[in-house]
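Coordinate-derived values only; no laboratory data. These numbers were taken from a predicted model, which means no experiment stands behind them. Here the Cβ is made from the backbone with ideal geometry for all residues, glycine too, and neighbour counts use every protein chain on show.
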Amino acid sequence: MERWLALELASTIRHDGDGGVADDLATVRGTTRWIQEQGDLLAGLLPAGELVADEDLRLGIIELRQAVRALFARAVSPAPPSPADAHRLMTADQAAARLNTAAAREPVAPQIDWPVGGVPTARLLSAEDDPHVRLVAALARAAIDFLSGPQCTQLRSCTAPRCVRYFVKSHGRQEWCKPSCGNRARAARHYRRQRTAVEGGPAPS
């Protein structure tokens, strides 16, 4: 399954399995663990497996996540956004400005690599020494790429009970982020129908 760094960042807010919401970035240790888990998506940008977070970096990533989730909410509109933070979203203009500012903090230049007998490839070469700045800038650029790319049109907010995730719709009939959410949504729908039948009201759609 394809993964996107912007979606991974947004998904650090998730259902905790007990009816509440968990935050993978709630602690410095959790933030370090999450960064290291994104090593494959950050390959070539910085050595994520060696990067250790501090409180300033944790807060910087959380600020970026707030912007990403605000723009995800705009992207899925007029459908409802994730309920985890729907009541406290910043404006889309504020969110876009935050992304652009973070991306601009790292000076980068495109470099071409064209081996003999091979095909040319491009990569970004950073002139920034601070790995924390590079990480936040890389996350911001990934969000900009995601939101301006074709996958953004398939972004959805999962409507299963208690789920707070966003996901990219991979096929025409997909309604939920994962099968377990679909099972939970169908069970809730079945329960509502049974309850309505017992109470004698019109059946819910």
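By how many nm would the segment from ALA122 to THR159 grow when fully extended, if each residue of separation counts as 0.36 nm and the alpha-carbon distance is taken off?
On the way: separation 37, 0.36 × 37 = 13.32 nm, distance 3.91 nm.
Taking ALA122 through THR159 to full extension adds about 9.4 nm, to one decimal.
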Legend entry - Loop-located GluC sites (Glu not before Pro) in region 1-88 whose Cβ has at most 13 other Cβ within 10 Å (DSSP): GLU2
Inset, instruction - Enter the angle in degrees (range 0 to 90, nearest 10) between the Cα long axis of helix 92-104 and the first principal axis of the Cα atoms of the chain, meaning the one along which they spread out most. - result: 30
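For region 24-156, what number results from the quotient of the Cα radius of gyration and 2.2 N^0.38 Å?
Numbers: Rg = 16.3 Å, N = 133, 2.2 N^0.38 = 14.1 Å.
Expressed relative to 2.2 N^0.38 Å, the Cα Rg reads 1.15.
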Inset, instruction - Hey, can you grab everything whose amide H is under 5 Å from the amide H of LYS169? Only 5+ residues off in sequence or another chain; H modelled, so Pro and N-termini drop out. - result: LEU155, ARG156
Legend entry - Per-bin percent of Cα-Cα distances, region 67-129 [5 Å]: 4, 15, 16, 13, 10, 11, 11, 10, 6, 3, 1, 0
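Give the longest segment of the chain that steers clear of trypsin sites (Lys or Arg not before Pro) in DSSP loops with at most 13 neighbouring Cβ atoms within 10 Å, not counting the sites themselves.
Details: sites that count: ARG3, ARG173.
The longest uninterrupted stretch comes out as 4-172.
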Inset, instruction - Treating the angle as unsigned and between 0 and 90°, give the value, to the nearest 10°, between the Cα long axis of helix 55-76 and the longest Cα principal axis of the chain. - result: 50
Inset, instruction - Once you have the Cα-Cα distance between VAL28 and ASN100, take 0.36 nm times their residue separation minus that, and quote the gain in nm to one decimal. - result: 23.4 nm
Inset, instruction - Treating the angle as unsigned and between 0 and 90°, give the value, to the nearest 10°, between the Cα long axis of helix 179-199 and the longest Cα principal axis of the chain. - result: 20
